[in-house]
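Reviewing the structure listed below.
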Amino acid sequence: NAGVMQNPRHLVRRRGQEARLRCSPMKGHSHVYWYRQLPEEGLKFMVYLQKENIIDESGMPKERFSAEFPKEGPSILRIQQVVRGDSAAYFCASSERRQTGLGTDTQYFGPGTRLTVL
Amino acid sequence: GQNIDQPTEMTATEGAIVQINCTYQTSGFNGLFWYQQHAGEAPTFLSYNVLDGLEEKGRFSSFLSRSKGYSYLLLKELQMKDSASYLCAAGGATNKLIFGTGTLLAVQP
């Protein structure tokens with residue numbers, strides 16, 4: 001039973017290039033979340049998506065960052081014109097479904113993509 | 001605002017018991033999660049509390065008091081492999097998680 005898959009595991013980009021990070025959720029999961037972890041800091045929520053829908057993007061920077069989760073294929077986090085401050089570990093998580101009423105869905109994390117901007 | 005506080009570092013001895021505390025202030029609180037994260041790896045789910053009280057799962061237990069905005073993770077019979085960061089996270093109204101900075105636990109022989 002494969003867990004959350006992310007690729008690439010490591011990505012090196014020069015300033016100004018584009019970075020594309022991919023995430024395939026666990027089998028049966030239709031909800032995907034992206035988090036960023038800067039060195040010596042906690043995980044920060046970026047965006048929450050369902051298939052073809054962005055549910056909450058309150059943690060996404062207003063410029064250069066975008067995310068999608070198409071009907072077919074993995075979720076993509078795209079960073080345009082990367083800067084050194086974008087260097088971080090980017091984690092994807094998935095959950096089974098949106099709980100109704102009390103509670104939050106348990107999220108299972110992928111291994112992360114470590115982005116280094118030179 | 002959103003705020004999660006937990007100690008930065010703790011040290012404990014193999015075979016002992018350790019308690020990692022977490023206090024939170026979040027809007028739309030919808031449960032409290034604990035994750036374990038080894039260096040360079042993914043966070044691994046440990047426990048979830050949505051109602052007050054203690055949840056026990058093997059060597060790990062987690063407690064929640066919603067009225068006090070307080071949780072703790074209790075690790076018993078510590079093993080060397082328990083050396084890791086322990087992340088406290090509050091569930092929010094839209095299913096997102098608000099994480100603390102994590103507690104780095106060092107287990108010594």
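The values are calculated or read from the model by the stated rules, or taken from the named source; none is laboratory data. Given the structure is predicted, the values throughout are model-derived calculations rather than measurements. Quick reminder, even Gly has a Cβ in these numbers, built from the backbone with ideal geometry, and neighbours come from all protein chains shown.
Answer yes or no: is there a residue in segment A:92-109 that is of a type in the set (A, V, I, L, M), over 15 Å from the mean Cα position of the chain (by Cα) and closer than 24 Å to B:L46 by Cβ. So far as segment A:92-109 goes, yes, one or more of its residues are of a type in the set (A, V, I, L, M), over 15 Å from the mean Cα position of the chain (by Cα) and closer than 24 Å to B:L46 by Cβ.
Residue check: is A:K44 facing another protein chain (nearest Cβ under 10 Å) and basic (K, R)? Criteria met by A:K44.
Let's see how each residue does on (1) among the acidic types (D, E); (2) closer than 17 Å to A:K44 by Cα; (3) touching a Gly at 6+ places or on another chain (Cβ under 9 Å):
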| position | (1), (2), (3) |
| --- | --- |
| B:Y24 | no, yes, yes |
| B:F29 | no, yes, yes |
| B:F45 | no, yes, no |
| B:K57 | no, no, no |
| B:F60 | no, no, no |
| B:R66 | no, no, no |
| B:K76 | no, no, yes |
| B:A89 | no, yes, yes |
| B:T101 | no, yes, yes |
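Quick check, is B:T11 modelled with pLDDT under 95 and among the polar types (S, T, N, Q)? No: the conditions fail for B:T11. The residues in segment A:9-25 that are more than 12 Å from every other protein chain (Cβ to nearest Cβ), surrounded by fewer than 21 Cβ atoms within 10 Å (Cβ to Cβ) and assigned to a loop (DSSP other than H, G, I, E, B) can be counted, and the count is 5.
Here the strands (runs of 3 or more DSSP E) wholly within chain B that include at least 2 residues being free of Cβ contacts under 8 Å to residues at least 12 places away in the same chain, more than 30 Å from A:N53 (Cα to Cα) and more than 12 Å from chain A (Cβ to nearest Cβ) are B:53-57. Restricted to segment B:24-64, and to residues there that are loosely packed, with under 14 Cβ neighbours inside 10 Å and among the small types (G, A, S), the residue that is farthest from B:F99 (Cα to Cα) is B:G58.
All of B:K76, B:K57 fail the test of being over 15 Å from A:F109 (Cβ atoms) and modelled with pLDDT of 95 or more, apart from B:K76.
Listed here are the residues, each with its yes/no results for (1) within 13 Å of another protein chain (Cβ to nearest Cβ); (2) on the phi < 0 side of the Ramachandran plot.
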{"site": "A:L49", "(1), (2)": "yes, yes"}
{"site": "A:E57", "(1), (2)": "yes, yes"}
{"site": "A:V82", "(1), (2)": "no, yes"}
{"site": "A:Q107", "(1), (2)": "yes, yes"}
{"site": "A:G112", "(1), (2)": "yes, no"}
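Only one entry in B:T101, B:T94 is within 13 Å of the chain's Cα centre (by Cα), within 24 Å of A:V4 (Cβ to Cβ), modelled with pLDDT under 95 and not hydrophobic (A, V, I, L, M, F, W, C), namely B:T101.
Please go through segment A:31-61 and give me each residue that is among the hydroxyl-bearing types (S, T, Y) and surrounded by 15 or more Cβ atoms within 10 Å (Cβ to Cβ), ordered by number. Listed by number, the residues that qualify are A:Y33, A:Y35, A:Y48.
The residue that is modelled with the highest pLDDT, counting only those in segment A:63-72 that are surrounded by fewer than 12 Cβ atoms within 10 Å (Cβ to Cβ) and over 14 Å from the mean Cα position of the chain (by Cα), is A:E63.
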